[in-house]
Amino acid sequence: MTELDLEDRLTDVFRNAFDQEDLKLTRDMTSTDVEEWDSLSHVNLIVAVEKEFGVRFTTPEIAGLQNVGELMDAIQRKLR
């Protein structure tokens, strides 16, 4: 999967999770950049990402993610 394909699919997941059709992802985006991104929505987001890409993250992997770019990289690693 190309990075552009991954970004497009991940953007759809984020837009659905936060109910924001105009949300634009950047690699450096964090929870502080999205008003609705709290601890509960974070859990829902990770579950949606896992479902969309058919991957599973461990708790330490999730806790170590600092931004969307790191999430994208983690997804890519899982898909290899």
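The values are calculated or read from the model by the stated rules, or taken from the named source; none is laboratory data. It should be emphasised that the depicted structure is a prediction, and the values quoted were computed from it without experimental measurement. As a convention, Cβ positions derive from the backbone with ideal geometry for all residues, glycine included, and neighbour counts pool all protein chains shown. For the accessible areas, the whole protein counts, side chains as well, though only heavy atoms, and no ligand, DNA or RNA atoms are used. Shrake-Rupley method; radii C 1.70, N 1.55, O 1.52, S 1.80 Å.
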Query raised in the report: Taking the stretch 5-43 as the search range and keeping residues that are open to solvent by 30 Å² or more (accessible area, probe 1.4 Å) and among the aliphatic types (A, V, I, L, M), which one is nearest to Ala63 (Cα to Cα)?
Result: Val43
Query raised in the report: Does at least one position in the stretch 2-24 carry a residue that is basic (Lys, Arg) and free of Cβ contacts under 8 Å to residues at least 12 places away in the same chain?
Result: yes
Query raised in the report: Which of the residues belonging to the stretch 14-31 are under 14 Å from Leu65 (Cβ atoms) and not basic (Lys, Arg)?
Result: Phe14, Leu25, Asp28, Met29, Thr30, Ser31
